[in-house]
Amino acid sequence: MTGKEIVNLIRQLRLNGMSDTKILDLIEYIETHDPKEQSEDK
């Protein structure tokens, strides 16, 4: 994700009532779990 995408995501999630801690946990998950890893296991 680009910096701009992350900022837009944070703004939207805050508007939806998500806490900063949950936002950071979500971003960490997105950045550390490559979807390609799951498809290669098939």
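Read-outs: derived from the displayed coordinates by stated rules, not from any lab. Remember, it's a predicted structure, so these values are computed and weren't measured experimentally. Cβ sites come from the backbone with ideal geometry, for glycine too, and all protein chains shown count toward neighbours.
Label-to-label distance, residue 24 versus residue 1, with points set 7 angstrom from Cα along the beta-carbon direction: 1.4 nm.
The distance between label points at residue 13 and residue 33 comes to 1.3 nm (points 7 Å beyond Cα on the Cα→Cβ vector).
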